[in-house]
Amino acid sequence: MIRILFFASLRERLGSAEETLQEYPDSLGALRAQLAARGGVWSEVFAGEQRVLAAVNQEMAPADRALKAGDEVGFFPPVTGG
Amino acid sequence: MHIEVRVQAEPLDALAETVPVFSGNTAVGGVVSFIGLMRDLNQGDAVATMTLEHYPGMTEKALRAIVDEALGRWDLLGVRLIHRVGEVRPQDPIVLVAVASAHRGEAFRACEFIIDYLKTRAPFWKREQTADGRARWVDARSSDDSAAAEWERKS
C-alpha cells in the first residue's frame, strides 16, 4: 500500500487531498501514467501542459524513482513560497 | 553556531526574530537579513489577503536541507529561517532569512542563496484573494528558477 497526497491547485482540481492505493506500479513515472489513465481531470493534470512536481517520502523525486510499500507520494504544482 | 528553522501560523515579528542569530556570540562581525513582505498588488490587481499552504513535514526537511547546503558553502556563525503559513495581509512578513558571520561577504551571499533556493525548493503555495472578491493560485515565476540555477552553476 502507498499513500498519495495532493496539494494546492492540484488538490482543488482533483477534488481530493489524499488517497491510498493497494495496488501500485513500481516507479513514480508509472504512477503518474496510471493516474493520468483515469481520464477527465486526472488526465488534464497528469498528462497536461502544466508541470507537476513529485516527492517521495517528503523529498523531491524524479520519474525513475522506485516505489515500495509504505511510501508517501506527494504531487504538487511548482512552489511559490518566500 | 545558532540554527533555527521554523514554520509558523502565528504572526512573524521579523525584527525581534533576527536578534538571536548574533546575540551573545562575540565572534559575529556582521548580520544580513532578508524579510519578505506581502504586497497589495500582483499582476496589476489589488490583493486583499493571501493564504499560504505548505506540505507539513516536507517543508521543515526542505528548509533544513537548504540551510545545511549554505553551511557547507560558507563559514557562518548563525542562521535563522522562519516562514509564515496561513492567512496574511499586506505588509505582513512572510519569511525571515537572517545570517551571521565573521565578515559581511559570507553573510550577504548565504542570505541571498537561502532565499533563492527557498523560492524553488520549499513546498509552499500562495493563494491570493483579490480586492474584488476573486481567489486564485499564484503562478511560479521563471525568474526564480533562473536565480536558483545561477547558484547551481557556482557550486
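The values are calculated or read from the model by the stated rules, or taken from the named source; none is laboratory data. Just so it is clear, the structure is predicted and the values come from calculations on it, not from any experiment. Quick reminder, even Gly has a Cβ in these numbers, built from the backbone with ideal geometry, and neighbours come from all protein chains shown.
Any residue at all in region B:45-66 that is free of Cβ contacts under 8 Å to residues at least 12 places away in the same chain, over 16 Å from A:G81 (Cα atoms) and over 15 Å from the mean Cα position of the chain (by Cα)?
no
Within region B:71-107, which residues are in contact (Cβ under 8 Å) with a residue 60 or more places away in the chain and among the small types (G, A, S)?
If the condition is that a residue be in contact (Cβ under 8 Å) with a residue 60 or more places away in the chain and among the small types (G, A, S), then B:G78, B:G86, B:A98, B:A100, B:S101, B:A102, B:A107 are the ones that fit.
Yes/no matrix, rows are residues, columns are (1) under 25 Å from B:T18 (Cβ atoms); (2) outside any helix (DSSP H, G or I); (3) more than 8 Å from chain A (Cβ to nearest Cβ):
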position: B:R64; (1), (2), (3): yes, no, yes
position: B:I82; (1), (2), (3): yes, yes, yes
position: B:V95; (1), (2), (3): yes, yes, no
position: B:R109; (1), (2), (3): yes, no, yes
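Suppose we filter region B:37-81 for residues that are of a type in the set (A, V, I, L, M) and closer than 30 Å to B:D132 by Cβ; how many remain?
Final tally of qualifying residues: 8.
Just checking, which of A:R32, A:R38, A:R51 is modelled with pLDDT under 95, out of contact with any strand residue (DSSP E or B) (no Cβ under 7 Å at 6 or more places or on another chain) and either charged (D, E, K, R) or in a strand (DSSP E or B) (or both)?
Exactly one residue qualifies, and that residue is A:R51.
In the list B:S101, B:S33, which residue meets the criterion of being surrounded by 14 or more Cβ atoms within 10 Å (Cβ to Cβ) and more than 17 Å from the chain's Cα centre (by Cα)?
The match here is B:S101.
Going by the conditions given, is B:E152 modelled with pLDDT of 95 or more, acidic (D, E) and either in contact with a Gly (Cβ under 8 Å, 6 or more places away or on another chain) or surrounded by fewer than 22 Cβ atoms within 10 Å (Cβ to Cβ) (or both)?
Criteria not met by B:E152.
Of A:E59, A:E44, which residue is free of Cβ contacts under 8 Å to residues at least 60 places away in the same chain, charged (D, E, K, R) and more than 10 Å from chain B (Cβ to nearest Cβ)?
Result: A:E44 is the single residue among A:E59, A:E44 that is free of Cβ contacts under 8 Å to residues at least 60 places away in the same chain, charged (D, E, K, R) and more than 10 Å from chain B (Cβ to nearest Cβ).
Among residues belonging to region B:111-155 that are among the β-branched types (V, I, T), within 8 Å of chain A (Cβ to nearest Cβ) and within 15 Å of the chain's Cα centre (by Cα), point out the one that is nearest to A:E59 (Cα to Cα).
Checked region B:111-155; the qualifying residue nearest to A:E59 (Cα to Cα) is B:T120.
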